[in-house]
Amino acid sequence: MMSEIKKIKNLKEFSTSADRFEGANLLCPGCAHSIIVREVLNATNDDLILAASTGCLEVCTAVYPYTSWDASWIHIGFENGSSAVAGAEAMYKALKTKGRLKQPERTPKFVAFGGDGATYDIGFQWISGCFERGHNMMYVCLDNEVYANTGGQRSSSTPIGASATTTPAGRVSYGEKRNKKDMMAIMAAHGAPYVAQVSPSKWKDMVAKIQKGFAAEGPVFINAISACTTEWKFAPEDTIAITDLATDSLVFPLYEIINGTELNITYRPKNIIPVRDYLGAQGRFKHLFTKQYEYLIDEWQTRVDLKWEQLQRREEARV
Amino acid sequence: MADTMELRDIEVWDGNMAASHALRQVQVDVVAAYPITPSTPIVENYAGFAANAYVDGEFVMTESEHGAMSCCIGASAAGGRVATATSSQGFALMVETLYSASGMRLPIILNVVNRAIGAPLNVNGDHSDMYMGRDSGWIQLDAYNPQHAYDLNFIAFKVAEDHDVRLPAMVHQDGFMTSHTAQGVHTMTDEQGFNFVGEFQPMNDMLDLDHPVTHGVQTEEDWHFEHKARQQHALMTAVIPKLEAAFDAFEALTGRRYNLVETHQMEDAEIAVICMGTSVETAMEVVNELRATGIKAGVVGIRVFRPWPMEQLAAVLKDVKAIGTLDRSSPHGTMGMLFNEVSGSLFNTDTKAVLTNYIYGLGGRDLTKAHLVGIFNDLKANMDAGKPTTPLQQYIGLRGPKLSFF
């Protein structure tokens, strides 16, 4: 049986169409992780083999003797969720060749989840290995730009000016000094068939990308913005609003890269919001709104404008 | 279907080739590996088998040893036969995942071709990596020659995959001295070899799509202790009887006998050395020569390193008067591991043997027959005196001034 693209009519149906990730979990109220995971899982009717690297999602969803997962799921360590699912995918291929699959007519999808710490930093080598080897798998980065599970230390996804516990803002420091690593470009450079940046608040765009990813042959990288109420410091009920500010200010542009070269911008905000409004809505950037550090906000805007310009030129060039 | 390979009854194989053929004959479903000296040929040979249709499982060449064992864990949890190989620095890089594999009760087979661990960097054989693995929750079997490296792989798969055990197992052999030294190896046919282990029987397999399973959960002070206790229970109670049964079955099939503790001339031995790996066979030769001069010497080889065969070892050493424990790994601040383990095994028994410790062969330094004769001379003096006549720990074969402690 070939897997079919699942038809999704409306948000209500989408949000309730399957329950392979249970609401019974320990994630913070307002955490975007669970929204992202449900949107990924609900995008397909196929069976799922899942992995998670150590992080918020993992520690909050599989605390013995409970599990939030109604699909096979594995966790090993912080750096190797990608390799765990790659190993399972290799076994699937082996048992298929040898005729030992228990349900040979079904075509499970292999998905690994990891935070930005597990993706941009400690697990980067393992992900790169999996992508180079061409496993048929999807890797979803739940990008909340900080080591949230351990209390808010900076990662290489933490943007300039954010105050993190290991790069705190202070009398002589504006917080994180380095720009966020461009993981999308790096993963596209692996020649992956499909790489996309998604936002759970733009669910139609997101589900279309997840389905494209599931339809692709080979490793697929999805970078999902995951607004973190705890570490970004905003009210739990504002998760979606903050996420919309990120996409509509173009701080987190939504685009895809096919076969490493073909770039498509998939969302163009009708009204582009100043970056200042996005930064101002979060406690982690509060110190930027002082005379001492205000120049950084202008620099932020310039950087975002430049990146948007680059993306548009890449899109036009089709190379 | 993988092609069958016709083997001669006796093949001239080194330890690496012997291990490769064992992996081929049991038809491993997924091998995920990363090459490292001196275990590299295991992986290369296996790649050759795959390239020529002698195996039809998946062969995944990963970006690191950590990635290799991570893939092995995912593959094993998915539900199939899994194996890999490594040495030394690569073993050290794997250590985190070794604990995951045993904690998740996944019967992965790891061929460890023993090698020193830097610094200073060294590619030759000692037991530093084997010793590093001893608290990781794996079964550890030790080969002394290529024949053992071949045979013990079959025994490892059979025991590890048993549903009463479900623990990963390492098969150790000495880097270069076994791995790259060709000897005559008695073979089984492909059919015999496969049938000895049998078809893989999955349990809690992720790929059983009708029965989703969660692997690798979080436990804190509420349940972690109980999980670790269950793991220890399996290692301490299930493994030894299953190994003994496998040894019996293997002997019935091949005529070759393995034991938890191997002995040579121990029936009436008054003095004995205890060692592992290739040193066991060197010591056997020396003992044969000493016996000709009337010295009642013997050799004890550890075959099953984990779980530690405490009772069997105590029984073998019951009447010995002086024992030398030979460790091929730097103890770094204490007595050698074998000294401590053997002491612990004898302490509550009636045996009052004089026990001393020899550190030898680090980084592939040879252990010569002359060294062993010297050790047996020490042991005889200890027996006659009824107490140690030498320092408790001596370095053997070291350049420069003698080194000893305690």
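See the values below:
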read-out	value
Cα-based shape type of region B:1-125, given that a ≥ b ≥ c are square roots of the gyration tensor eigenvalues and the cut on a/c is 1.5	oblate
Magnitude of the charge dipole, region B:10-254, Cβ model with Lys/Arg +1 and Asp/Glu -1, debye to 20	320
Among B:Thr237, B:Asn45, B:Thr389 - extreme Cα towards positive end, dipole of chain B, charges at beta-carbon	B:Thr389
Listed residue (B:Gly294, B:Met310, B:Leu338) projecting farthest to the positive dipole end of region B:261-405, Cβ model	B:Leu338
Helix axis angle, A:81-98 relative to chain A longest principal axis, alpha carbon, degrees	20
Share, in percent, of DSSP beta bridges within chain B that are antiparallel, nearest 5	25
Extension gain (nm, one decimal) between B:Asp319 and B:Lys352, 0.36 nm per residue minus Cα-Cα	11.0 nm
Three-way shape call for the protein assembly as shown based on the alpha-carbon gyration tensor, with the a/c threshold at 1.5	prolate
Percent antiparallel among DSSP beta bridges (both partners in region A:188-319, rounded to 5)	60
Sparse-neighbour loop sites [GluC sites (Glu not before Pro); region B:238-320; at most 14 other C-beta within 10 Å; DSSP]	B:Glu267
Order of A:Thr54, B:Thr351, B:Thr368 under a 10 Å beta carbon neighbour criterion, fewest first	B:Thr368, B:Thr351, A:Thr54
Overall form of region B:243-346 per C-alpha gyration tensor (a/c, 1.5; a/b vs b/c)	oblate
Antiparallel content of DSSP bridges confined to the protein assembly as shown, in %, to 5	25
Distance (nanometres) between label positions extended 7 Å along Cα→Cβ at B:Asp384 and B:Val12	4.6
Selected from B:Gly103, A:Ala246, A:Ala227, residue furthest toward positive end of dipole (the protein assembly as shown; charges at beta carbon)	A:Ala246
Amide N proximity, region B:174-198 versus B:Glu281 label position 7 Å along Cα-to-Cβ, cut-off under 14 Å	B:174-186
Cβ charges +1 (Lys, Arg) and -1 (Asp, Glu), total dipole of region B:280-406, debye	160
Rounded to 10°, Cα long-axis angle of helix B:279-292 versus longest principal axis of chain B	40
Distance between modelled label sites at B:Glu191 and B:Ala245, nm, 7 Å Cα→Cβ extension	2.6
Residue of A:Tyr92, A:Tyr278, A:Tyr66 that the Gaussian network model of chain A assigns the largest fluctuation, springs spanning Cα pairs under 10 Å	A:Tyr66
Extension gain from A:Ala185 to A:Lys204, taking 0.36 nm per residue of separation minus the Cα-Cα distance	4.5 nm
Span from the region A:1-68 Cα centroid across to the region B:156-196 one, whole angstrom	42
Neighbour count of at most 14 Cβ within 10 Å plus DSSP loop: longest GluC sites (Glu not before Pro)-free window in chain A	A:106-216
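Quick note: the coordinates plus some simple rules give every number you see, no bench work behind them. None of these values were measured; they are calculated from a predicted model. Note that each Cβ is placed from the backbone with ideal geometry, even for glycine, and that neighbours are counted across all protein chains shown.
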